[in-house]
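**Q** Got a structure for you, written out below as structure tokens; questions coming shortly.
The values are calculated or read from the model by the stated rules, or taken from the named source; none is laboratory data. Just so it is clear, the structure is predicted and the values come from calculations on it, not from any experiment. So basically every Cβ, Gly included, is an ideal-geometry build from the backbone, and we count neighbours across all protein chains shown.
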Amino acid sequence: MGVVDEVLMKGFGRPEGAWGRFGGWLMARLNGATEKYLVEMAGLRGKEQVVVIGPGPGVGLRAAARYAGVVVGVDPSEEMLLAAKRRCRELVESGKVELIRGEAADTHRPERSASVVMSVNNVHLWPDRAAGLAEVHRILKPGGRLLISVHAKWAPEGLAEEVAAAGFGDVVSKQWRPPARGAGTALIVKGHKSEQ
């Protein structure tokens with residue numbers, strides 16, 4: 001791994017140290033609008049449980065907690081879990097937000113426990129996307145919704161097809177331009193787990 005790759009990994013892939021803190025600051029500013037937009041798209045209601053894979057500094061956790069029963073953030077980075085805990089302190093203390101160290105392929109969540117799973121700008125960093133999507137399918141309740149957003153320039157080719165191959169139906173994708181200055185066009189992929 002070269003120096004640039006190492007800096008990118010420490011800043012954004014698995015944030016740690018000073019680079020991780022900088023990455024979290026940047027994520028809050030550039031990803032925040034997309035995270036809030038995905039929360040709107042999810043149509044959260046009542047007591048639904050939401051799992052956010054890679055919540056970074058917690059902007060999306062906070063937005064989802066306004067509408068959901070419980071929001072669970074799963075992140076492999078201790079630095080980001082601490083940042084999310086600071087941003088969502090009162091929500092964590094009340095039990096509305098839970099934070100877990102894990103990753104897409106191992107969320108530590110019970111089978112069929114989540115109504116919605118969301119991920120913003122990290123699916124391209126999952127070590128094994130097929131395993132991550134299988135895990136998402138496992139933890140979603142029948143009828144549950146998956147929403148993934150990723151910068152279009154970093155989007156894995158065929159992401160919508162991968163989501164469909166993982167067993168999701170009604171898979172749609174679209175591009176969206178966040179209003180945040182400096183934020184690139186997002187590719188959003190949405191799908192449902194069947195009611196069976």
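**Q** Search region 123-159 for residues being surrounded by fewer than 20 Cβ atoms within 10 Å (Cβ to Cβ), touching a strand residue (DSSP E or B) at 6+ places or on another chain (Cβ under 9 Å) and of a type in the set (Gly, Ala, Ser), and hand back the single one that is nearest to GLU195 (Cα to Cα).
**A** This residue is GLY143.
**Q** Does LYS193 qualify as being of a type in the set (D, E, K, R), within 22 Å of LEU44 (Cα to Cα) and in contact (Cβ under 8 Å) with a residue 24 or more places away in the chain?
**A** For LYS193, the condition - of a type in the set (D, E, K, R), within 22 Å of LEU44 (Cα to Cα) and in contact (Cβ under 8 Å) with a residue 24 or more places away in the chain - is met.
**Q** Taking the conditions exactly as written (within 17 Å of VAL50 (Cα to Cα), more than 13 Å from the chain's Cα centre (by Cα), acidic (Asp, Glu) and surrounded by fewer than 20 Cβ atoms within 10 Å (Cβ to Cβ)), does GLU162 satisfy them or not?
**A** no
**Q** Within region 98-114, track down each residue that is in contact (Cβ under 8 Å) with a residue 40 or more places away in the chain and surrounded by fewer than 17 Cβ atoms within 10 Å (Cβ to Cβ).
**A** SER113
**Q** Shifting gears a bit: Within region 120-159, work out how many residues are in a helix (DSSP H, G or I) and over 25 Å from VAL59 (Cα atoms).
**A** The qualifying residues number 4.
**Q** For VAL72, indicate whether it is closer than 23 Å to ARG145 by Cα and at pLDDT 95 or above.
**A** Taking the combined requirement at face value, the residue satisfies it.
**Q** Specify which of the listed residues (GLY143, GLY158, GLY95, GLY56) is at pLDDT below 95 and on the phi > 0 side of the Ramachandran plot.
**A** From the options GLY143, GLY158, GLY95, GLY56, the qualifying one is GLY56.
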